[in-house]
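Report on the structure given below.
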Amino acid sequence: MSQVAAEARLAKGTLYLYFDTKEELFLALLTSHLQRWSAACVTRLREERPRTPDALTEVLLRDHAAAQPLRRLLLLYGSVLERNASQTWIRQAQQLMWQVLRDVVQELPYPPETSARLVMHLYALSVGWHQVAELGPRLQQPHDPLSRVISDSLFEDEFTYALQALLRQLLPQLA
């Protein structure tokens, strides 16, 4: 909280007027990042109307670098953020998260059940690949074949490949 207060140029006590714990602050940041990602995604889906798995992958991943803070917070969500936040904060965050995801589901050009499955897979893939990409450089060993796969482009390249493969299996080609 001290670091956040200093960065925001606020007194630490001021933060506690709004957030009882750092987890509540992070839940607020998570929902804010998710809302921004969703709004940008919905706008792109409306404007571009992607009809193929590759076109949809490109739309979903266009701002993947900007979504890095969101993925980091999503990594912490289930294991850390829900532990010390009040039930009120958790409920509010969950309701907002579900609404934001519904907005994306509604804009996808597929039946609602397929779109919902796609969004859940997107969540799982993005969090999983982000975790692997962040852990990767710490595990690299010279001359190890596994380490050669781990690089700066791991998230972008491998996540794109995984999402394209998923979409090709999950979604029909639409004309």
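The values are calculated or read from the model by the stated rules, or taken from the named source; none is laboratory data. Just so we're clear, the structure is a prediction, and the values are computed from it rather than from any experiment. FYI the Cβ positions are ideal-geometry reconstructions off the backbone, even for glycines, and counts take in every protein chain you see.
Of all residues in region 165-175, how many are at pLDDT 85 or above and either surrounded by 17 or more Cβ atoms within 10 Å (Cβ to Cβ) or under 19 Å from residue 71 (Cα atoms) (or both)?
2
Residue by residue, here is whether (1) touching a Cys at 6+ places or on another chain (Cβ under 6 Å); (2) at pLDDT 65 or above; (3) of a type in the set (Lys, Arg); (4) closer than 21 Å to residue 38 by Cβ holds:
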site: 125; (1), (2), (3), (4): no, yes, no, yes
site: 128; (1), (2), (3), (4): no, yes, no, yes
site: 136; (1), (2), (3), (4): no, no, no, no
site: 146; (1), (2), (3), (4): no, no, no, no
site: 151; (1), (2), (3), (4): no, no, no, no
site: 157; (1), (2), (3), (4): no, yes, no, no
site: 163; (1), (2), (3), (4): no, yes, no, yes
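With the structure loaded, tell me whether residue 110 is at pLDDT below 85 and either surrounded by 14 or more Cβ atoms within 10 Å (Cβ to Cβ) or in contact with a Phe, Trp or Tyr (Cβ under 8 Å, 6 or more places away or on another chain) (or both) or whether it fails that test.
Judged against the criteria, residue 110 is not a match.
Can you pull out the residues in region 33-53 that are assigned to a helix (DSSP H, G or I) and surrounded by 14 or more Cβ atoms within 10 Å (Cβ to Cβ)?
33, 34, 35, 36, 37, 38, 40, 41, 42, 44, 45, 53
Can you list residue pairs whose Cβ atoms sit under 9 Å apart, with the first residue in region 64-83 being aromatic (Phe, Trp, Tyr) and the second being surrounded by 14 or more Cβ atoms within 10 Å (Cβ to Cβ)? Count only pairs 6 or more apart in sequence or on different chains.
What qualifies is 77/26; 77/27; 77/30; 77/93; 77/97; 77/127.
Could you list, in sequence order, all residues of region 54-86 that are part of a loop (DSSP other than H, G, I, E, B) and charged (D, E, K, R)?
Within region 54-86, 62, 63, 82, 83 meet the criteria.
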